[in-house]
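The values are calculated or read from the model by the stated rules, or taken from the named source; none is laboratory data. Source: prediction; values computed, not measured. Backbone-built Cβ (ideal geometry, glycine too); neighbour counts: all protein chains shown.
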Amino acid sequence: MKSITKKLLIVGCLLWANASFSCSCGEEGSVEESFAGADIVIHGTAVQRSDTTIKETLNPNLGDSLEELVSIRDKDLLNSELATKIQVQVNKIYNGKVISDTVKVYTAQQSSAFGYTQFKIGEEYIIYGDKESYFSSMMLYEKIADSEKNGTFWTNQCTRTTSYNELEANQLDRLAKN
C-alpha cells in the first residue's frame, strides 16, 4: 500500500519487532486498490532465495555517502542480514515495468517485521511490489532519490502478495486490459 500511515506502522513495528506485542496491517485493500497502489504486479515463480543485508538492497552508487547518512545504531542494522532476496522468474506482468524476465524481490526476513515469509522455491505467486523499501525510509532520515537498486522491488505481508490463484489472476487480467 502507498499509504504513509501503513508505511509508518510497518516501520514502527519493524523497530519493535522483538517486543512482546504484535502489529497489524489493518484491513487488506481490494484487488483494484492494490493494483493501483503497487509499482508492479506480476505472476512469477520463486527460483532462488537468500538472506541479505539491508546495505545490499540499496543502490551501490550511494557509496560512502550512505554510511554518513545513517545513525551509529543504524550502521549495525545496515550491515545485518535482515532482508530476504527472492529471485523471481516473471510469468506475466499485470502492472508496471519490468526490464528483465527475472526480478529481485526483497522482503523483511521476519514476519514480525512484516516480511512475506511464505516464499518457497518453485512455487508461483502473485506479487504486489514497490520500488521503495521501508528499510531505507527508516534508516535514511532524508529522502534520497534512487536509494534502491534499479530493477528491484519490495513486498511485505501487508500487500496482497499471495500464492498464485486463478480468481485473483482473472481479476488482474481485467484490470490490466483497462
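Meeting the requirement of 3 or more residues that are more than 17 Å from the chain's Cα centre (by Cα) and at pLDDT below 90, the helices (runs of 4 or more DSSP H) wholly within the range 65-178 are 72-78. Filtered by the rule that a residue be closer than 25 Å to residue 79 by Cβ and at pLDDT 95 or above, the range 14-49 gives 48, 49. Pairs meeting the criteria (first residue in the range 108-119 and farther than 11 Å from residue 156 by Cβ and free of Cβ contacts under 8 Å to residues at least 60 places away in the same chain, second residue polar (S, T, N, Q) and outside any loop (DSSP other than H, G, I, E, B), beta carbons under 8 Å, at least 6 apart or on different chains) are 109/84; 118/163.
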